[in-house]
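Structure, as structure tokens:
The values are calculated or read from the model by the stated rules, or taken from the named source; none is laboratory data. Since we're looking at a predicted model, the values are computed, not measured. Every residue, glycine among them, receives a Cβ derived from its backbone with ideal geometry; neighbour counts consider all protein chains shown. With ligands, DNA and RNA removed, areas are computed over all heavy atoms of the protein, side chains included. Shrake-Rupley method; radii C 1.70, N 1.55, O 1.52, S 1.80 Å.
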Amino acid sequence: MNLTEKVFWHDTLEMPTDAILNDLPQKADMVVIGAGIPGLAAAYQIAKRGVSVAVLEAETIGWGASSRNGGMALTGLKLEAGVVESRYGVELTRQLFEDSIASLTTVEQIVNQEQIDCGFNRTGHLLLANKPAHYESLQLEAEWFAKHFNYETRIIAKGDLHAEIGSDIYFGGLVDEVSAGLNPAQYVVGLAKAAERAGAMLHPHARLIQIEKISEGYKLKTQRGELVARQVLVTTGGYTGTATPQLQRRIIPIGSYIIATQPLPEDLAKQLIPHNRMVFDYRHFLNYFRLSADNRMIFGGRAAFYPETDSTIRTSADILRREMERVFPQLAGYEVEYAWGGTLDFAFDQMPHAGQLDGIYYTLGFAGHGVALGTHLGIRMADAILDGKVRELPYNAYEFPKAPLGLYNGKPWFLPLIGLWHRILDWMY
Ligand SMILES: Cc1cc2nc3c(=O)[nH]c(=O)nc-3n(C[C@H](O)[C@H](O)[C@H](O)COP(=O)(O)OP(=O)(O)OC[C@H]3O[C@@H](n4cnc5c(N)ncnc54)[C@H](O)[C@@H]3O)c2cc1C
């Protein structure tokens, strides 16, 4: 296997390297921690509203999940509408799902206004049933959308699936035409440039180490010196660390891994995913896959639960290759050229959260749905902070829970248990 442990998307543009580091300002009205999609979207909006904003990034701009994900800009949340409704009622569920649909418009508008060349294309998504019971759940989901907010999705029976996917292993699917695909590295770098053009100051290699409350706001100690902020917004995703311990205790960092094949012949690519959709399956240990602009199969999954290391990437590449050939036996013999991983941010309730804790604002818990929703929530959060309306956000209407029984200090000792539990759930349901 001619494999590089490298992010395929990073080879499609020049990623920011930050050879010359800019000086940190002494103060800013707003400081955003983390230069991923939600952080940069928030900085973009804050700067557009004429408020001074600095972004502190521990590594390089767009370094985290935001440049390494599957590039699936999706409607919906991690949890099904029915589960969300059973917890929070119809009205809040409707608001959350409408917002997730609006998030696609937000991405599209930014891409068009800022001319971000990232292959944004509304090709829709296809959610696949791994078992007959999953197909029944997909039907219920489609009915829920139609009944509660007149939203059309399309159910595909097993017998008709070949029009959507060149695989025989699934039991039906659900198509949502509103979702889109994009190249995430090109998107996040484009977002960073748009934020800078609007006036945001971006500071790579400026890891936040400590926050201290002072009379003017907050004193932020970073690896490159100190600055004072009137307000702070934390968007550190699955890499949330000890600088914000109250948030770290609420986020479980979970690894997700992707492989990319060599470019496939056009006719084979068309046979595998005829409408170029963003595809994922229904399992807890899910697979997700799509084609790149040059017809590579980009195939991801939760092959290991631990955040990425060289060894988890290598092991995951083997697991994902086997999974990919199980889904598409036609791909046997094609080279896997890239393998990489990144870390997802899961809250204990698997819901996205945006609010304020000990005076610090946050948007966290995207659970693998942060490309579109992260953009939208970044913008909404920026507006809500500036307008004093954070409490009105639907993402602030439910609790941001800590681990049950307080059994978590930010070191996810229980990840193997979650992995095992998910395998049991996939076996049972
Ligand atoms: C392999 C993979 C596939 C995925 N696929 C999809 C997909 O197809 N569709 C989808 O919607 N979502 C997907 N996701 C999730 C999506 O990438 C994220 O939800 C989204 O990018 C939002 O990211 P974020 O900015 O919150 O986190 P990140 O992009 O990880 O950014 C957080 C940043 O914070 C920085 N940071 C951390 N601590 C500090 C500190 N103390 N000081 C300064 N900076 C700090 C980190 O260095 C990092 O750059 C995927 C994720 C992974 C890992």
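Among residues of the stretch 164-175 that are among the polar types (S, T, N, Q), those with a Cβ under 7 angstrom from a residue that is modelled with pLDDT of 95 or more, sequence gap 6+ or separate chain, pair up as S167/V327; S167/F328. Within the stretch 343-361, the only residue that satisfies the criterion of being within 11 Å of the ligand (Cβ to nearest atom), open to solvent by less than 10 Å² (accessible area, probe 1.4 Å) and part of a strand (DSSP E or B) is T343.
If you go through the stretch 132-174 and keep only what is at negative phi, part of a loop (DSSP other than H, G, I, E, B) and either open to solvent by 50 Å² or more (accessible area, probe 1.4 Å) or among the small types (G, A, S) (or both), you end up with E152, A157, G166, S167, D168, I169, F171. Among the residues of the stretch 64-98, write down those that are free of Cβ contacts under 8 Å to residues at least 60 places away in the same chain and within 16 Å of the ligand (Cβ to nearest atom). Hit for the stretch 64-98 is F97, nothing else. The single residue among I110, I37 that is β-branched (V, I, T) and within 11 Å of the ligand (Cβ to nearest atom) turns out to be I37. Within the stretch 181-221, the set of residues being of a type in the set (D, E, K, R) and either open to solvent by less than 70 Å² (accessible area, probe 1.4 Å) or more than 23 Å from the chain's Cα centre (by Cα) (or both) comprises R197, E212, K213, E216, K219, K221. Just to be sure, is H369 open to solvent by 10 Å² or more (accessible area, probe 1.4 Å) and under 19 Å from the mean Cα position of the chain (by Cα)? Taking the combined requirement at face value, the residue satisfies it. Applying the criterion of being in a loop (DSSP other than H, G, I, E, B) and of a type in the set (D, E, K, R) to the residues of the stretch 212-240, the residue that is nearest to A58 (Cα to Cα) is R224.
Somewhere in the stretch 278-295, is a residue in contact (Cβ under 8 Å) with a residue 24 or more places away in the chain, touching a Pro at 6+ places or on another chain (Cβ under 9 Å) and open to solvent by 20 Å² or more (accessible area, probe 1.4 Å)? Yes: the stretch 278-295 contains one or more residues that are in contact (Cβ under 8 Å) with a residue 24 or more places away in the chain, touching a Pro at 6+ places or on another chain (Cβ under 9 Å) and open to solvent by 20 Å² or more (accessible area, probe 1.4 Å).
If only residues of the stretch 241-295 that are among the charged types (D, E, K, R) and either within 11 Å of the ligand (Cβ to nearest atom) or in a strand (DSSP E or B) (or both) are counted, the one that is nearest to G359 (Cα to Cα) is D281.
Apart from one condition, T60 fits all of (1) part of a loop (DSSP other than H, G, I, E, B); (2) in contact with a strand residue (DSSP E or B) (Cβ under 7 Å, 6 or more places away or on another chain); (3) of a type outside the set (G, A, S); the exception is (2).
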